[in-house]
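The values are calculated or read from the model by the stated rules, or taken from the named source; none is laboratory data. Keep in mind the model is a prediction, meaning the values are calculated, not measured. Neighbour counts run over all protein chains shown; Cβ positions are idealised from the backbone, glycine included.
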Amino acid sequence: METLPVSFRVVEGQEINVFSQYLLPMAASLARSSGDEMRTLGAVWGAAACGAAVLRLWRREDDAPLEAELLSFYIDPLVRRKGVGLGLLSFCLKQAALAGAGVFRAYYAAEGEILAALDALMRKKGLQPAFHLPVYEMDSMDYHDAPLLRAAFSWKYRRPEHIVTLSALTKRQRDHLYRHPELPGFLHPSGVLGLDPDLSVAYLCDGTPEGIWLGGSSANGCYSLMGVWHSDAAPLSCFHELILAHLNLCWYHGGGEFRYYVSPSMEFADRLIQKYTQGKYRRLEEHLAVIGLDAPDGG
């Protein structure tokens, strides 16, 4: 196997734009805005970028060990099978260890040969990949005639008064939502990575939030579902009304057609996606690979 003269480095500031072509849209957006929590790592062949990755450094709780998550990883097809991917992954692991992380987690979504190649790459560095979640990639233009979704793409659609964006909630309404005993901790809006309050909506019952649809966006015209929840006090129509309101917001925010990503964590949600989209999607798999890290020499 030919080995290319490739170098690897931490990418900062405006230079992130040079490598953004190799980053998932959401990861690229986070890399530009999340400060020290994020690390963008680039692969360079001569003077040209040829790959990139994004690491997130965080603690699940204040006193928990630091963890590193690989949120995006991509190598230019022109330099694949030449050791660049293994070199960039090694650099990611090194940077995570230097930052003091005790655990390294790699999340990646793909299909077919690309997914198999990523799994093989992870195993070479001692990680053990496993299926995590399905990922549905959808194009809004496919749903203009879909019975359950087409209303969101019509100029006639008007968002009901009882559905408001998270950014429009009053302090009293936010306090009610954030302290709601039925709201799972992982869906607390203040802690959802990449959430956009202007693209997230809440369902109000008698003026108090009893359901939410959390969404995010990227600079590349892509949108994603970050989470859905509603309490027992919400009516059965809550889910349907929230999805229409959210998709309509994306429609106007993006100025037309857009790509959308959903990762259902429950079988029930998976069935709902298939029902609403009528099978018009590209189904990827998100895999998770984990390894413990030792402190680097001298660390």
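Residue check: VAL10 meets all listed conditions (1) in contact with a helix residue (DSSP H, G or I) (Cβ under 9 Å, 6 or more places away or on another chain); (2) under 25 Å from GLY215 (Cα atoms); (3) loosely packed, with under 14 Cβ neighbours inside 10 Å but one, namely (2). Residues being in contact (Cβ under 8 Å) with a residue 60 or more places away in the chain and over 19 Å from GLY292 (Cβ atoms): count how many of those fall in region 63-79. Total satisfying the criteria: 1. Considering only region 41-99, state which residues are within 23 Å of ALA116 (Cβ to Cβ) and acidic (Asp, Glu). The answer is GLU69, ASP76.
So for region 162-182 (the condition being under 20 Å from the mean Cα position of the chain (by Cα) and at pLDDT below 95), does at least one residue qualify? Taking every residue of region 162-182 in turn, none turns out to be under 20 Å from the mean Cα position of the chain (by Cα) and at pLDDT below 95.
Restricting attention to region 124-157 and to residues that are closer than 19 Å to ALA269 by Cα and aromatic (Phe, Trp, Tyr), the residue that is farthest from the chain's Cα centre (by Cα) turns out to be TYR143. Checked across region 139-157, the condition of being loosely packed, with under 15 Cβ neighbours inside 10 Å and in a strand (DSSP E or B) holds for at least one residue. Looking only at residues that are over 16 Å from LEU127 (Cα atoms) and hydrophobic (A, V, I, L, M, F, W, C) in region 56-74, which one is surrounded by the most Cβ atoms within 10 Å (Cβ to Cβ)? In this case the residue turns out to be LEU57.
Each residue in region 115-138 was checked for being out of contact with any His (no Cβ under 9 Å at 6 or more places or on another chain) and part of a helix (DSSP H, G or I), and 6 pass.
Do we find that LEU93 is in contact (Cβ under 8 Å) with a residue 12 or more places away in the chain, crowded, with 18+ Cβ neighbours inside 10 Å and of a type in the set (A, V, I, L, M, F, W, C) in this structure?
Spelling it out, LEU93 is indeed in contact (Cβ under 8 Å) with a residue 12 or more places away in the chain, crowded, with 18+ Cβ neighbours inside 10 Å and of a type in the set (A, V, I, L, M, F, W, C).
Annotation: ALA117 fulfils all but one of (1) among the small types (Gly, Ala, Ser); (2) free of Cβ contacts under 8 Å to residues at least 60 places away in the same chain; (3) loosely packed, with under 12 Cβ neighbours inside 10 Å; the unmet one is (3).
Checked against (1) farther than 24 Å from LEU284 by Cα; (2) touching a residue at least 40 places away in the same chain (Cβ under 8 Å); (3) loosely packed, with under 13 Cβ neighbours inside 10 Å, LEU41 passes all but a single condition, namely (3).
Against the test of being within 23 Å of GLY194 (Cα to Cα) and touching a residue at least 60 places away in the same chain (Cβ under 8 Å), the options ARG60, ARG56 yield a single qualifying residue, ARG56.
Listed conditions (1) free of Cβ contacts under 8 Å to residues at least 24 places away in the same chain; (2) hydroxyl-bearing (Ser, Thr, Tyr); (3) in contact with a strand residue (DSSP E or B) (Cβ under 9 Å, 6 or more places away or on another chain) are all met by SER7, apart from (1). Inspect region 102-112 for any residue being small (Gly, Ala, Ser), in contact with a Pro (Cβ under 9 Å, 6 or more places away or on another chain) and farther than 16 Å from ALA27 by Cβ and give the result as yes or no. Yes, region 102-112 contains a residue that is small (Gly, Ala, Ser), in contact with a Pro (Cβ under 9 Å, 6 or more places away or on another chain) and farther than 16 Å from ALA27 by Cβ.
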